[in-house]
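Single-structure report; data block below.
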């Protein structure tokens with residue numbers, strides 16, 4: 001306990017703790033293993049036992065991290081949502097929200113810049129698209145991401161001349177429009193091989209100028 005406390009105390013403010021970094025590393029390894037099995041055998045046909053064995057751990061150890069296969073697959077989107085929220089909180093409070101959201105999406109754009117990661121993302125999206133239960137849960141995660149970002153945007157607006165109230169649809173509308181731009185840009189980049197960041201700039205600028 002003393003060693004863990006000391007390590008935490010020397011970490012920069014806002015940095016993930018050692019425990020959190022370890023948890024994320026294990027989550028990432030399990031998802032990589034599971035994704036390979038899903039691509040080879042299909043999501044429905046792959047069992048938790050197979051995933052645990054391929055990852056070199058017991059089934060009991062697997063359940064320390066995830067309750068189900070579905071939770072494992074969707075953990076990536078849970079983490080992405082957390083990273084997007086943190087990125088928006090870190091943007092300057094007086095920056096136009098639309099511009100802030102473009103910078104926030106760099107969390108995904110930068111990740112996808114690596115060809116291996118981009119291929120893995122595409123594989124995971126195909127696994128989700130092929131499973132009705134995963135598709136529904138995935139859409140629920142995306143909706144939660146948007147709600148979380150909209151709430152951060154609403155809170156941010158309290159420091160401006162035109163704050164948004166609790167029932168104002170504006171923050172949700174702006175965030176939803178940004179996500180629509182990102183979805184359109186992702187589809188175009190995947191189809192054409194174009195740079196995702198550049199296509200996203202074009203898509204978001206078509207709705208509202210970024211500069």
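Quick one: would you say residue 189 is outside any helix (DSSP H, G or I) and either more than 17 Å from the chain's Cα centre (by Cα) or assigned by TED's automatic domain parsing to the domain that holds residue 32 (or both)?
Taking the combined requirement at face value, the residue does not satisfy it.
Please specify each residue of region 46-56 satisfying the condition of being assigned to a loop (DSSP other than H, G, I, E, B) and buried (at least 18 other Cβ atoms within 10 Å of the Cβ). Explain how you work it out, then say what you get.
Pass one, region 46-56, residues assigned to a loop (DSSP other than H, G, I, E, B): 46-47, 56.
Within region 46-56, 46 is the sole residue that qualifies.
Among the residues in region 65-78, are any within 12 Å of the chain's Cα centre (by Cα), exposed (fewer than 15 other Cβ atoms within 10 Å of the Cβ) and either touching a residue at least 12 places away in the same chain (Cβ under 8 Å) or more than 16 Å from residue 131 (Cβ to Cβ) (or both)?
Yes, there is a match, as at least one residue in region 65-78 is within 12 Å of the chain's Cα centre (by Cα), exposed (fewer than 15 other Cβ atoms within 10 Å of the Cβ) and either touching a residue at least 12 places away in the same chain (Cβ under 8 Å) or more than 16 Å from residue 131 (Cβ to Cβ) (or both).
Identify, please: which residue in region 57-93 is in contact with a helix residue (DSSP H, G or I) (Cβ under 9 Å, 6 or more places away or on another chain) and assigned to a loop (DSSP other than H, G, I, E, B) and is, among those, modelled with the lowest pLDDT?
93
What are the residues in region 94-114 that are without any contact (Cβ under 8 Å) to a residue 40 or more places away in the chain and not in a helix (DSSP H, G or I), if any?
95, 96, 114
Can you confirm whether residue 123 is in contact with a helix residue (DSSP H, G or I) (Cβ under 7 Å, 6 or more places away or on another chain), farther than 16 Å from residue 146 by Cα and assigned by TED's automatic domain parsing to the domain that holds residue 160?
yes
What number of residues in region 127-160 are in contact with a helix residue (DSSP H, G or I) (Cβ under 8 Å, 6 or more places away or on another chain) and assigned to a loop (DSSP other than H, G, I, E, B)? Write out each step before concluding.
Applying the first criterion (in contact with a helix residue (DSSP H, G or I) (Cβ under 8 Å, 6 or more places away or on another chain)) to region 127-160 yields 127-129, 133-135, 137-138, 141-142, 144-154, 156-157.
Still in the list and also assigned to a loop (DSSP other than H, G, I, E, B): none.
Looking only at that region, the number is 0.
Just wondering, is there one or more residues in region 131-145 that are surrounded by 14 or more Cβ atoms within 10 Å (Cβ to Cβ), farther than 30 Å from residue 49 by Cα and not assigned by TED's automatic domain parsing to the domain that holds residue 34?
yes
For region 79-89, give me each residue that is under 9 Å from the mean Cα position of the chain (by Cα) and either under 20 Å from residue 122 (Cβ atoms) or in contact (Cβ under 8 Å) with a residue 60 or more places away in the chain (or both).
Taking region 79-89 as the starting set, the residues that turn out to be under 9 Å from the mean Cα position of the chain (by Cα) are 79-84.
Those that are under 9 Å from the mean Cα position of the chain (by Cα) and either under 20 Å from residue 122 (Cβ atoms) or in contact (Cβ under 8 Å) with a residue 60 or more places away in the chain (or both): 79, 80, 81, 83, 84.
The values are calculated or read from the model by the stated rules, or taken from the named source; none is laboratory data. Predicted, not measured: the structure shown is a model, and the values here were computed from it. Neighbour counts are summed over all protein chains in view; Cβ atoms, including those assigned to glycine, are modelled from backbone coordinates with ideal geometry.
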